[in-house]
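This report concerns only the one structure given below.
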Amino acid sequence: MPASDVRTAVIPAAGLGTRFLPATKAVPKELLPVVDTPAIEYVVAEAAAAGLSEVLLITGRGKVAIVDHFDSNPPLEQVLEAKGDKARLAAIRRSNDLLQVHSVRQGEPKGLGHAVLQAKAHVDGHPFAVMLGDDLIDERDPLLRRMLEVQASHGGSVVALMEFPPSQISLYGCASLRGERDGDVVDIADLVEKPAAEEAPSNLGIVGRYVLSADIFEILERTPPGRGGEIQVTDAMAELAVRGEMRGVIFDGRRYDTGDRLGWLKATVLLACEREDLGPELRAWLRELTPRLPA
Ligand code: UTP
């Protein structure tokens, strides 16, 4: 298996987070906690676990606190040290030590494709990963590592796909396939952004992990605004697919959609139930509560 030459995880975080208003009026949605850890820290930890060496955060207006989260905080550390609170000290230091963090500003949120384009100078011709903070992938089901393997052996670009029921496929970029699947790998012939259920070419929707070749930038530079008036990365990736340069890895592990209120609530409850410190009490309370819930 050839080694991956992908080093950088690009994490777009310049969106407006309108689905989470009013919480996201002043607080970036990437900093909303899932249990007690900001959503974005899970993503950076996932990049580190997959063997990447740096992240490039795409930020914008009102998002400075995201970058601060990855710096050390000496006054807070001194207070915790004086109290001898080793557990919290380790918890706040974890984000400083995960990976080297860079940031670049998008200027205006013109869409995910436009956000990715801001990484062009930084990645400098190398393939790179794109990770969306809205999709939290359970650390026990390593998806990005598998995608890096597939990109290293096949070249080109790779997206993560999951199977969705017809009622949900219109929320995702949808893949049409060339030939049969080979284990968890498929050859993508084309991509359609958020198709109506009856027009979807398959039940495979894109989830927020991509490994892209730098060829995407030249395409993004001439991609016009698409769905929602935004420059869509799916539209640019469709061109790579038509050229035969795009594969998909079909993921059947645990994924939580934390960009949406209901998905965020479910992820928080589920992950807290599994925690040693919170789980036993929370599980007991949920069992007691369930029969009393309104129908
Ligand atoms: P979304 O459309 O899901 O995020 O974009 P959003 O715009 O923040 O949220 P809603 O839909 O209004 O609630 C997916 C990812 O792309 C980033 C977002 O921050 C999110 O992580 N994004 C989107 C950008 O960085 N820039 C953009 O112009 C648009």
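Which of the residues that make up the stretch 99-112 are under 13 Å from VAL55 (Cα atoms) and within 14 Å of the ligand (Cβ to nearest atom)?
SER103, VAL104
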When the stretch 229-247 is checked residue by residue, the ones that are over 18 Å from GLN106 (Cα atoms) and within 12 Å of the ligand (Cβ to nearest atom) are THR234
From the list GLY253, GLY179, GLY228, which residue is closer than 23 Å to LEU117 by Cα and of a type outside the set (A, V, I, L, M, F, W, C)?
-> GLY228
Scan (1) modelled with pLDDT under 95; (2) more than 21 Å from PRO142 (Cβ to Cβ); (3) not in a loop (DSSP other than H, G, I, E, B) for the single condition ARG181 breaks and write down its number.
-> (2)
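Sort out which residues of the stretch 151-197 are β-branched (Val, Ile, Thr) and buried (at least 19 other Cβ atoms within 10 Å of the Cβ), and write them in order of number.
Matches in the stretch 151-197: VAL158, VAL159, ILE169, VAL186, ILE188, VAL192.
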The residue from ARG287, ARG255, ARG283, ARG243 that alone is basic (Lys, Arg) and within 18 Å of the chain's Cα centre (by Cα) is ARG255
Quickly run through the stretch 280-295 and pick out the residues that are among the small types (Gly, Ala, Ser) and either modelled with pLDDT of 95 or more or touching a helix residue (DSSP H, G or I) at 6+ places or on another chain (Cβ under 6 Å) (or both).
-> ALA284
Residue tally, condition of a type in the set (Asp, Glu) and modelled with pLDDT under 95, over the stretch 161-178 = 0
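The values are calculated or read from the model by the stated rules, or taken from the named source; none is laboratory data. Just so it is clear, the model here is predicted, and its values are computed rather than measured. When we count neighbours, we look across all protein chains shown, and the Cβ atoms used for this are built from the backbone with ideal geometry, even at glycine.
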